[in-house]
């Protein structure tokens, strides 16, 4: 893996987090692949349209996102996995939550831009 790959994927993830914190569905739409599968810590799964609708309607509202132990792994040309720990302060359907999760994301570079294809979060004990 080159440093450029890690930097590009981490920059795309930072942009995604910024769009989520700003509740900016339009910016988020540009960062998500049309094939997106977003696996929430609750076990529910959204595609791109459903996830953006939830953000736009305020059903999910992010207050803070902190990544730890980020690691980027090249999977194939134009495909990378980002893993680590994520602590997220979020309001879901009006209920405040603090999520302490292990996270795995898959990113794909399409026409020069990195887009999120898959997100999986798993709650950590304690």
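The values are calculated or read from the model by the stated rules, or taken from the named source; none is laboratory data. These figures come from a predicted structure and were not determined experimentally. FYI the Cβ positions are ideal-geometry reconstructions off the backbone, even for glycines, and counts take in every protein chain you see.
Values as computed for the structure displayed
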| read-out | value |
| --- | --- |
| Qualifying residue in region 67-87 (condition: out of contact with any strand residue (DSSP E or B) (no Cβ under 9 Å at 6 or more places or on another chain) and within 19 Å of residue 28 (Cβ to Cβ)) | no |
| So residue 35, is it in contact with a strand residue (DSSP E or B) (Cβ under 6 Å, 6 or more places away or on another chain), surrounded by fewer than 16 Cβ atoms within 10 Å (Cβ to Cβ) and in contact (Cβ under 8 Å) with a residue 60 or more places away in the chain | yes |
| Counted residues, region 73-103 - those being at positive phi, in a strand (DSSP E or B) and in contact (Cβ under 8 Å) with a residue 24 or more places away in the chain | 0 |
| Some residue of region 104-113 being buried (at least 18 other Cβ atoms within 10 Å of the Cβ), touching a helix residue (DSSP H, G or I) at 6+ places or on another chain (Cβ under 8 Å), more than 14 Å from residue 42 (Cβ to Cβ) and touching a residue at least 24 places away in the same chain (Cβ under 8 Å) | yes |
| Among the residues listed as 19, 66, the single one being touching a residue at least 12 places away in the same chain (Cβ under 8 Å) and closer than 18 Å to residue 99 by Cα | 66 |
| Residue among 41, 29 that alone is in a helix (DSSP H, G or I) and either buried (at least 17 other Cβ atoms within 10 Å of the Cβ) or over 11 Å from the mean Cα position of the chain (by Cα) (or both) | 29 |
| Among (1) more than 19 Å from residue 15 (Cα to Cα); (2) modelled with pLDDT of 95 or more; (3) not in a helix (DSSP H, G or I), the one test that residue 108 misses | (1) |
| Test: residue in region 53-61 that is at pLDDT 95 or above, in contact with a helix residue (DSSP H, G or I) (Cβ under 6 Å, 6 or more places away or on another chain) and closer than 20 Å to residue 120 by Cβ | no |
| Members of region 1-20 found to be surrounded by 14 or more Cβ atoms within 10 Å (Cβ to Cβ) and either out of contact with any helix residue (DSSP H, G or I) (no Cβ under 7 Å at 6 or more places or on another chain) or part of a loop (DSSP other than H, G, I, E, B) (or both), listed by number | 5, 6, 8, 9, 10, 13, 17, 18 |
